[in-house]
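For reference, the structure is listed below as C-alpha cells.
The values are calculated or read from the model by the stated rules, or taken from the named source; none is laboratory data. The shown structure was predicted, so the numbers you read here are calculated from the model rather than taken from an experiment. Neighbour counts run over all protein chains shown; Cβ positions are idealised from the backbone, glycine included.
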Amino acid sequence: MIDRRTALGTLAGAPLALAFPLSAAARGGKLARRISLGDTVGLVAPASAVSQGAIAASQHTIRGMGLVPKLGANVARTDGYLAGTDAQRAADLNAMFADEDVAAIFAIRGGWGGARLLELLDWDVIRRNPKLVIGYSDITSLHLAIAARAGFPTIHAPNASNSWPAASWESLWRLAFTGETPVLEMGERGPSARTITPGRARGKLLGGNLTVLSTLMGTLWVPDFDGAILFLEDVNEAEYRIDRMLQQMDLAGVLKRLSGVIFGSCRSCASDDPDYAGLTLDTVLDQHLKPLGIPAFTGANIGHHRGQLSVPHGGEVEMDSEARTIRLISPIVR
C-alpha cells in the first residue's frame with residue numbers, strides 16, 4: 001500500500017529521472033503538467049455511488065502519495081446506484097478542470113455512469129486546462145472521450161479507493177511525476193498469458209475496459225483508432241460476451257485499422273452456462289486477433305486485479321509482444 005514514506009523514498013531517485021528532457025514535440029503539444037509532491041489533486045465520483053469508507057480510503061491514498069486531496073462537492077451524494085445526478089457528477093468534473101489549484105484528477109471508483117456525463121462536460125474548459133485523469137474500469141469512458149475531444153493523454157491506473165501496491169505506484173510516478181519514458185513490463189497475469197502474434201508495433205495506446213469501449217463504439221466519443229495499439233481488460237464477462245464485443249469492434253472497422261493489441265486481465269471471464277460452453281477465452285481471442293496479422297499478446301498486467309500497472313492512455317508507445325513490454329516514446333506530461 002502506498003504511504004508517504006514510499007512516496008518520499010521514490011523521490012530519492014527523482015534527480016536521475018528528471019534528467020530526461022521532454023521532447024520538443026511534447027513541449028508543443030496539448031499535455032497536462034506533471035504532478036509534484038505537495039500538489040492539490042481532485043477526487044471525483046463520476047460513476048457509481050461511493051461509500052464514506054471509499055472516500056476516506058481515497059483521501060488516505062492521496063496523502064500517502066505526498067499530495068493534498070480536494071473532494072468534489074458532490075462525491076458523497078447518491079441518485080439510485082449513481083454518485084449523485086448526472087448534472088452533479090459532471091459539475092464536479094467541470095469544477096476540477098476549471099480550478100487552477102488542482103493539478104490532476106483521480107476517480108474514487110468506477111462502476112457505471114461515466115458515459116452519461118459526456119454531453120454535460122465543458123469541453124472548452126477541458127481543452128484549455130489539460131489535466132491527468134487517473135482511474136480505470138468505467139473511467140474508460142472519460143479516457144476515450146478526452147482522447148477524442150481534447151487530445152491529451154491520461155492515465156489508466158487504479159482508482160483512488162483501490163489498493164496501490166508498488167507496481168501501480170512506481171509506474172504512476174514515472175509517468176506522471178517525473179515525465180519519464182519508461183519501458184513497462186507487462187508481466188504474466190493468469191494461465192493464458194501468451195503471445196498470439198509475435199512482433200513490435202508503434203502507435204497511440206488507446207482502450208481500457210472492453211464493455212465500456214463497446215458501449216461507446218459508433219458514437220462521437222471514441223478517438224481515431226487508425227494505427228493505434230489497442231489495450232483491453234474486463235471482469236466477470238463470459239466468453240460469448242467477449243466474442244460479441246470484439247465482433248462489434250470488428251464490424252465497426254476498428255480491429256483492421258490497428259497496429260497491435262494487448263489483452264490484459266479478464267478475471268472470472270468463464271461461463272458456467274452449458275449453453276455457452278465450448279469456446280475458451282483463448283479461442284475467442286485467437287479467432288478475432290490472429291487473422292489481423294499484427295503483434296498481439298494476452299495476460300498483460302492491466303485491469304481488474306491487485307498490482308495493475310499504470311499505463312499512458314493516449315501516449316505514443318512501442319509494444320513488443322514477445323518481450324511483453326510497452327515503451328513510452330515521448331512523455332505524456334510537460
In segment 110-130, residues that are surrounded by 24 or more Cβ atoms within 10 Å (Cβ to Cβ) and charged (D, E, K, R) total 0
Here the residues within segment 199-212 that are within 20 Å of residue 152 (Cβ to Cβ) and surrounded by fewer than 24 Cβ atoms within 10 Å (Cβ to Cβ) are 202, 203, 204
Picked from segment 305-317 (must be more than 22 Å from residue 195 (Cβ to Cβ) and either in a loop (DSSP other than H, G, I, E, B) or out of contact with any strand residue (DSSP E or B) (no Cβ under 9 Å at 6 or more places or on another chain) (or both)), the residue modelled with the lowest pLDDT is 306
Considering segment 166-193, residues that are surrounded by fewer than 20 Cβ atoms within 10 Å (Cβ to Cβ) and at pLDDT below 95, and then whichever is nearest to residue 282 (Cα to Cα), we arrive at 192
Notebook entry, point to check: Does residue 227 satisfy the condition of being farther than 22 Å from residue 272 by Cα, touching a residue at least 24 places away in the same chain (Cβ under 8 Å), in a loop (DSSP other than H, G, I, E, B) and small (Gly, Ala, Ser)?
Noted result: yes
Q: Return yes when residue 258 is outside the structural domain of residue 141 (by TED's automatic domain parsing), crowded, with 21+ Cβ neighbours inside 10 Å and farther than 20 Å from residue 147 by Cβ and no when it is not.
A: no
Exercise. Could we say that residue 208 is in contact with a His (Cβ under 7 Å, 6 or more places away or on another chain), not polar (S, T, N, Q) and not in a loop (DSSP other than H, G, I, E, B) here?
Worked result: yes
When restricted to 298, 283, the only residue more than 22 Å from the chain's Cα centre (by Cα) and either in the same structural domain as residue 193 (by TED's automatic domain parsing) or at pLDDT 95 or above (or both) is 283
